[in-house]
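S.K.: Structure below; questions to follow.
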Amino acid sequence: MKPPRGSTLNRQAVDAQSVEAWLRDHPDFLAQRPDLYLELEPPQRVHGERMADHMAAMLAAARVHVREVDADMQAALSTGRAGLGLASRVGDAVLALMRAPEPLECIRHELPALLGVDCCHLCCETTARKNVSRLPPGTLNQVLPHGRDAVVRATPMHAELLHREAAPLVRRDALARVPAPGGQPMLLAIGARDPDALPSTGAESLAFLGRAVGAALAR
């Protein structure tokens, strides 16, 4: 235990006897600092006062609670940072699409590096063309639920169909609806081997990317 600044214990070697003597001279020390109980080990009693056992259990529970709250906070901060990172990468991808003379080439060859993923494929259920993969009818509604513009999937389904030659690498993927003026919507399929590249909070940013792809194709 660290004694308060300015105490005589700071100027002499601290041993168990001196700590005990100092606490006896300052009986309200711990009462004024209840947070210290989260750092102290309570005595284990098999026999004796039930109150002591009850207090020990309360202390143990409080410590577990503090650790859980801290873990939740760290997880939330980590997820938030990952989401912001993806939003920034999506911004770079949108700028690249705006500059690209051939958006389809940009999607296939530039977007993966800008997004920090392994592959990006544009898919369509109607006519196939260069850099656009053909999907069986009904696939879009099957993989992207009605009313959803984007989804991040921890367990990719139909990986070979959506990610083609990159399918064996994909451990996490994202799908975004691409509006097609006057035609059936297309699908932007993004695959990554690193799960952190596509955080679960990134669906909104990816939905925006899908709309940006549609705007680029409509130019």
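Any read-out appearing in this document is the output of simple, stated calculations on the displayed coordinates, not a laboratory observation. Values in this document were obtained by computation on a predicted structure and should not be read as measured data. For neighbour counting, all protein chains shown are included, and Cβ atoms are generated from backbone atoms with ideal geometry for every residue, glycine included.
S.K.: Report the label-to-label distance for S88 and T201 in nanometres (one decimal), using points 7 Å from each Cα along the Cα→Cβ vector.
M.R.: Label at S88, label at T201, 1.4 nm between them.
S.K.: Same structure, new question: Assuming 0.36 nm per residue, please report the length gained on full extension of the stretch T126 to H26 beyond their Cα-Cα distance.
M.R.: Full-extension gain reported as 27.8 nm.
S.K.: Modelled label-to-label distance, A16 and A113, 7 Å Cα→beta-carbon offset: nm?
M.R.: Between A16 and A113, the simple spin-label model gives 6.6 nm.
S.K.: Now for a separate question. Which value in nm describes the separation of the simple spin-label points at D194 and R219, placed 7 Å from the Cα toward the beta carbon?
M.R.: If labels sit at D194 and R219, their model points lie 2.9 nm apart.
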